[in-house]
1. Could you run the Karplus curve 6.51 cos²θ - 1.76 cosθ + 1.60 with θ = phi - 60° over the range 317-332 and give me ³J(HN,Hα) per residue in whole Hz, x for Gly and Pro?
2. Using 1/(1 + (r/R0)^6) with R0 = 56 angstrom and r between the beta carbons of Asn294 and Asn81, what's the FRET efficiency to the nearest 0.05?
3. Using the beta-carbon distance between Phe69 and Ala149 and R0 = 41 Å, what value does 1/(1 + (r/R0)^6) give for FRET efficiency, to the nearest 0.05?
4. Would you give the gap between the C-alpha center of the range 252-266 and the C-alpha center of the range 67-82, rounded to a whole Å?
5. Counting other C-beta atoms within 10 Å, which of Trp209, Trp293, Trp258 has the fewest, and how do the rest follow?
6. Given R₀ = 35 Å, what would the calculated FRET efficiency be for Ile92 paired with Ala338, taking r from the Cβ atoms and rounding to 0.05?
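Laboratory data are not the source of any read-out in this text; all were calculated from the coordinates shown. Computed from a predicted structure; not experimentally measured. Virtual Cβ from ideal backbone geometry, glycine too; neighbours counted across all protein chains shown.
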Amino acid sequence: MFNRFAKQKNPSWSTQVASVPLSKSEVQKSIVKALRIVLAYGEVGLNPSPDQQDTLNQVDSIQSVLRSFGHEVHLLALTLNLGLVDSFLRRINPDLVFNLVESINGLATFVPTVTAFFEDFGLPHNCCSSSALRLSSNKLTSRKVLQNACVPQAPIFGETPLLTKSTPLWIVKSVDEHASFGIDQTSVVDSSKVAQKISSISASLGGNWFAEQYLPGREFNVSILETLKGPKVLPVAKIEFEGFEGNEIRLVDYAAKWNTESEAFLRTPRRFPQKCFNSQLFEQLEELSLRCWNLFSLNGAARVDFRLDEGGQPRILEVNANPCLSPGAGFSASADQAGISFQELIEQLVEAGLRNSSNFHFPVITQKNA
């Protein structure tokens, strides 16, 4: 487990939680008292996009929960001016940073940097470490980690062998951005149009892009929550593609994720089938998700997204070390299916942040906790 106090550069910042190694029982006792918590998120402009509006909704919901538990909450809208951030944090001297930062200045590439900033000053926080975020947020870097561990994933353009007997289609994705940024029905093309699509979308949206083989099979999301016993796999979510006919592209694009009034959103509901739906498949999904948890040294909350290939085998689409925590979003919905209310979920993440600030570390978990 990543030790957030291994490089404690400024001992004067240390709170009681940070400065003294805590036993497991002491950590449990410490969370019942009111904490001074900074709720950090990327600054949002006057005309937020749907995914940015979701960030603001997360902030409102989570600060309400934290205050209901008696915690003192201070909001921090982050920019790249880390000098101002430094001054703010020194003035507040928080016990914990609840990190909701998904982008800075509209770019997700800065998220690991901001998280490392918290860590370098010895500040406990609820989310995955900066190293885990750096490995998982760049999709090409993430692919190398998975490939080296022989974890199944869809090939990228130019790789062999392909996972289809027919002519493959390819989906063009951002290397660094998430939340289905830049993805719509035109993102799926045949081999002859991959280079043109990458060139055009790079010119219009900027950033780096690549093409991954489009898999037409079922899609699943597996959420994992850190608990006192270690990582717990929450109920598996299945994305339904309702009303899709024949070879119509089955895709959770930007509109399907964020535009709640769009046809794409309405046609891709999330369901939670019982494990008996396909127990062998669900065991595979859970096992692969926990392998990712260990490979990327994840903690707090994470989600792994899958698509089935033509042979019905799960392939990893993405390891998300920074999942959306809005009420009703995928992670919160999975927690609810496990009998964990939104209030309980947020407090468990606070507890995880405090545990990870002490010398208490979990063993590597190789199978799902009951």
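1. Computed from phi, the couplings for the range 317-332 are 8, 7, 9, 9, 8, 9, x, 5, 10, 4, x, x, 6, x, 5, 5 Hz.
2. The value I calculate is 0.95.
3. Once rounded, the FRET efficiency stands at 0.60.
4. Spelled out, the Cα-based centre of one part sits 30 Å from the other.
5. Least to most surrounded, the residues fall as Trp258, Trp209, Trp293.
6. My answer for the efficiency is 0.55.
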